[in-house]
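Taking it in order: structure first as structure tokens, then the write-up.
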Amino acid sequence: MLIWIVLVGVPILFGLYAQMRVTSAYNKNVQIPSRGHITGAEAAEAVMRRAGIADVEIVEVGGHLTDHYDPAHKQLALSSDNYHGTSLAALGVAAHEAGHAIQHKAGYAMMNVRQTLIPAVQIAAPIAYFMTGIGIVLLGSVFGGLMLKLGIVALLVMTVFQLVTLPVEFDASRRAKVQLPELGIIDRDELPGVAETLDAAALTYLAAFISSLGNLLYLLALLNGGRRND
């Protein structure tokens, strides 16, 4: 029970805390308009233009915090609040996504690794917990052991993906914090609001990695315990 609490329970609580932090930080800073009244879409365009990027389309998408950069289609998608918004939160998110576009243009190594892993993750994600679930229920049997091993391999792929995601996201946020004041989109004293939003978002990626790693270590411990029982 103790090993479950340490490797699975604590990461779950940390993930909930991280989600609360990002929600709180975003909701707070989305209420603070920037002095320059520049929209998120305009900020993203300015950041990319400074980097010599003119072939990325900025589009508006539905949903809440559905913002993302699609390197395959060279498309930067901003949720409506961030596309039209002039808040510190909107500018931070938009510049962060523009940071991903800059990474793509520069051939940022960790982003390339992350993109390479995506097909494997798309296969691994649906089967990881299904196989481990069967493996845990049938632990001690040959079939259960095989399912658990396959689930562990799938979860390992997901954990590596989460690990590689960390420097990609941290670097994009770093670029955003530098670019916004340098371009005059925000004043220096407005940067803390942007940083608070981006730092809280980064915490969710860290929580996702810790959760995946904790689950992986727990399953390895179960497998090792099953072998000893045999």
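Quick check on region 17-43: of everything there that is of a type in the set (Gly, Ala, Ser) and within 23 Å of the chain's Cα centre (by Cα), which residue is farthest from GLU196 (Cα to Cα)? If we take residues in region 17-43 being of a type in the set (Gly, Ala, Ser) and within 23 Å of the chain's Cα centre (by Cα), then ALA41 is farthest from GLU196 (Cα to Cα). No other residue among ILE12, ILE38, ILE32, ILE58 is open to solvent by 80 Å² or more (accessible area, probe 1.4 Å), out of contact with any Cys (no Cβ under 9 Å at 6 or more places or on another chain) and of a type in the set (Val, Ile, Thr) apart from ILE12.
Between ALA101, ALA109, the distinction of being touching a strand residue (DSSP E or B) at 6+ places or on another chain (Cβ under 6 Å) and of a type outside the set (Val, Ile, Thr) belongs to ALA101 only. Applying the criterion of being assigned to a helix (DSSP H, G or I) and of a type in the set (Gly, Ala, Ser) to the residues of region 106-124, the residue that is least open to solvent (accessible area, probe 1.4 Å) is ALA124. With respect to being surrounded by 21 or more Cβ atoms within 10 Å (Cβ to Cβ), among the aliphatic types (A, V, I, L, M) and farther than 30 Å from ASN224 by Cβ, ALA89 fits the description. Among the conditions (1) touching a residue at least 60 places away in the same chain (Cβ under 8 Å); (2) surrounded by fewer than 23 Cβ atoms within 10 Å (Cβ to Cβ); (3) within 15 Å of PRO181 (Cα to Cα); (4) of a type outside the set (A, V, I, L, M, F, W, C), HIS96 misses just one, which is (2). Checked against the criterion of being assigned to a helix (DSSP H, G or I), surrounded by fewer than 19 Cβ atoms within 10 Å (Cβ to Cβ) and either touching a residue at least 24 places away in the same chain (Cβ under 8 Å) or at positive phi (or both), the candidates ILE134, ILE127, ILE152 yield just one match: ILE127. The condition of being of a type in the set (Gly, Ala, Ser), surrounded by fewer than 19 Cβ atoms within 10 Å (Cβ to Cβ) and either within 19 Å of the chain's Cα centre (by Cα) or under 29 Å from PRO126 (Cα atoms) (or both) holds for only one of GLY184, GLY225, that being GLY225.
May I ask you to verify whether LYS177 is part of a helix (DSSP H, G or I), closer than 26 Å to ALA106 by Cα, in contact with a Leu (Cβ under 9 Å, 6 or more places away or on another chain) and of a type in the set (D, E, K, R)? For LYS177, the condition - part of a helix (DSSP H, G or I), closer than 26 Å to ALA106 by Cα, in contact with a Leu (Cβ under 9 Å, 6 or more places away or on another chain) and of a type in the set (D, E, K, R) - is met.
Against the list (1) open to solvent by 60 Å² or more (accessible area, probe 1.4 Å); (2) in contact with a strand residue (DSSP E or B) (Cβ under 8 Å, 6 or more places away or on another chain), the condition ARG50 fails is (2).
Close contacts from region 28-48, counting a first residue that is over 10 Å from ALA90 (Cα atoms) and a second that is open to solvent by 90 Å² or more (accessible area, probe 1.4 Å), with Cβ to Cβ under 9 Å and a gap of 6+ residues or different chains, come to MET48/ALA54; MET48/LYS105.
ASP70 falls short on exactly one of the conditions (1) closer than 30 Å to LEU183 by Cα; (2) touching a residue at least 12 places away in the same chain (Cβ under 8 Å), and that condition is (2).
The values are calculated or read from the model by the stated rules, or taken from the named source; none is laboratory data. A quick note: this is a predicted structure, and the numbers were derived from the prediction, not measured. Positions of Cβ are backbone-derived with ideal geometry, glycine not excepted, and every protein chain shown enters the neighbour counts. We work out accessible area using only protein heavy atoms, side chains counted, and drop any ligands, DNA or RNA first. Shrake-Rupley method; radii C 1.70, N 1.55, O 1.52, S 1.80 Å.
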